[in-house]
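The values are calculated or read from the model by the stated rules, or taken from the named source; none is laboratory data. Note that the structure is a prediction, hence the values are computed from the model and not measured. Using ideal geometry, Cβ is built from the backbone for each residue, glycine included, and neighbour counts are taken over all protein chains shown. To get the accessible areas, we keep the full protein, side chains included, count just its heavy atoms, and leave off ligands, DNA and RNA. Shrake-Rupley method; radii C 1.70, N 1.55, O 1.52, S 1.80 Å.
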Amino acid sequence: MTDAAQPYVTLNDGRRMPQLGLGVWQVPSAEAAVAVEAALRAGYRAIDTAAIYGNETGVGAGLRAAGVPRSEVFVTTKLWNDSHGRDRTLRAMDDSLARLGLDYVDLYLIHWPVPKSGLLVETWKAMVELVREGKARSVGVSNFRIEDLRQIMEVSGVAPTLNQVELHPRFQQHALRAVQKELGVAVESWSPLGQGQLLGDPVIGAIARKHGKTPAQVIIRWHLDSGLIVIPKSSRPARVRENFAVHDFRLDANDMAEIGRLDSPHGRIGPDPASVR
Ligand code: NAD
């Protein structure tokens, strides 16, 4: 897979990020090593992990096994909720880097806003410090609501590069996306396949048959054609490869409209960010 075939997005700090990456939530460390190596060999150049996933060590092993130059791989990890506050944030970054076996990550995210902790602004300022120290090339957030985004931006004057949120055809997040567009904050979709629940949807199935593609490939293409960054998860090498083979077709306006109609106010699968502590 050549660089030209794989789309990149430019973040608001000027850095480039692959638009399609591999997510490794719920993948045990040893399996994560295998999946990451398979992904890099298939052409992926972005991996999404988190301290709480317990597999940063395996991700690091997979990166080394694949032998792709460090400068060509975009590695994201996330700060867990028990590490908010300046000192704990700085320490958590060092701990993640040690487990990954890296001296920087490309992107470090605040995993959840934990609004009731009162530490959000202090934590965000520490994230910005990590960019100055060179330990994170870019910083961003995850599961932030509009008010959380506005709060950190107003106090620090620094916009997160992106907000990684639950987003899939049944939960399309149009209101949040509109505000993020205005703020210049990119949108990254987590659980992009609805944790697999969307793969049996008849509308998706019909579009997949029309294009001679699988349901997973159609949904990943929908994210890409919607301008979203997307990180589908699979630990099976064959599926990891299948999920990357999406650069040879496009959805038409009709397909996009049909998938658009799957959006539902009740489509959320994961927790509401306001309730996560
Ligand atoms: P997903 O929507 O990517 O679905 C993954 C599931 O779909 C797999 O477990 C498998 O059952 C199925 N699947 C994947 N590819 C398939 C294929 N080609 N054919 C058939 N079935 C297939 O779910 P996810 O893991 O929840 O989300 C993806 C990534 O998003 C995670 O790994 C993680 O990196 C990230 N994430 C972040 C947060 C957050 O709070 N920031 C929360 C959840 C997930």
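A few notes on this one:
- Meets criteria (acidic (D, E), open to solvent by 50 Å² or more (accessible area, probe 1.4 Å) and in contact with a helix residue (DSSP H, G or I) (Cβ under 8 Å, 6 or more places away or on another chain)) for E242: yes
- Selection of segment 35-56 for residues being in contact with a strand residue (DSSP E or B) (Cβ under 7 Å, 6 or more places away or on another chain) and either within 13 Å of L97 (Cα to Cα) or open to solvent by 20 Å² or more (accessible area, probe 1.4 Å) (or both) yields R45, T49, A50, A51, E56.
- For segment 247-264, taking the residues that are assigned to a loop (DSSP other than H, G, I, E, B) and over 17 Å from L193 (Cα atoms), the one that is least open to solvent (accessible area, probe 1.4 Å) is identified as F249.
- Here the condition is being more than 15 Å from the ligand (Cβ to nearest atom), in contact (Cβ under 8 Å) with a residue 24 or more places away in the chain and on the phi < 0 side of the Ramachandran plot; of D263, D252, it holds for D263 alone.
- Among all residues of segment 100-111, there is at least one that is in contact with a Ser or Thr (Cβ under 7 Å, 6 or more places away or on another chain) and of a type in the set (F, W, Y).
- Among the criteria (1) hydrophobic (A, V, I, L, M, F, W, C); (2) more than 15 Å from the ligand (Cβ to nearest atom); (3) open to solvent by less than 10 Å² (accessible area, probe 1.4 Å), the one V203 does not fulfil is (3).
- Residue match in segment 82-105 (condition: within 20 Å of S142 (Cα to Cα) and within 12 Å of the ligand (Cβ to nearest atom)): no
- Residues being within 23 Å of A39 (Cα to Cα) and either aromatic (F, W, Y) or in contact with a Lys or Arg (Cβ under 8 Å, 6 or more places away or on another chain) (or both) - total across segment 229-268: 4
- Screening K78, K116, K125 for residues that are open to solvent by 50 Å² or more (accessible area, probe 1.4 Å), closer than 24 Å to D13 by Cα and either in contact (Cβ under 8 Å) with a residue 24 or more places away in the chain or not acidic (D, E) (or both) leaves exactly one candidate, K125.
- In segment 130-149 there is no residue that is closer than 28 Å to V179 by Cβ, acidic (D, E), touching a Lys or Arg at 6+ places or on another chain (Cβ under 7 Å) and open to solvent by 50 Å² or more (accessible area, probe 1.4 Å).
- Test: residue in segment 175-192 that is at positive phi, open to solvent by less than 50 Å² (accessible area, probe 1.4 Å) and not acidic (D, E): yes
- Filtered residue count, segment 206-240, keeping only those that are near the ligand (Cβ under 9 Å from one of its atoms), in a helix (DSSP H, G or I) and in contact (Cβ under 8 Å) with a residue 60 or more places away in the chain: 2
- All of V59, V105, V24, V68 fail the test of being open to solvent by less than 70 Å² (accessible area, probe 1.4 Å), in contact (Cβ under 8 Å) with a residue 24 or more places away in the chain and out of contact with any Leu (no Cβ under 9 Å at 6 or more places or on another chain), apart from V24.
- Here V128 fits the description: away from the ligand (no atom under 16 Å from the Cβ) and among the β-branched types (V, I, T).
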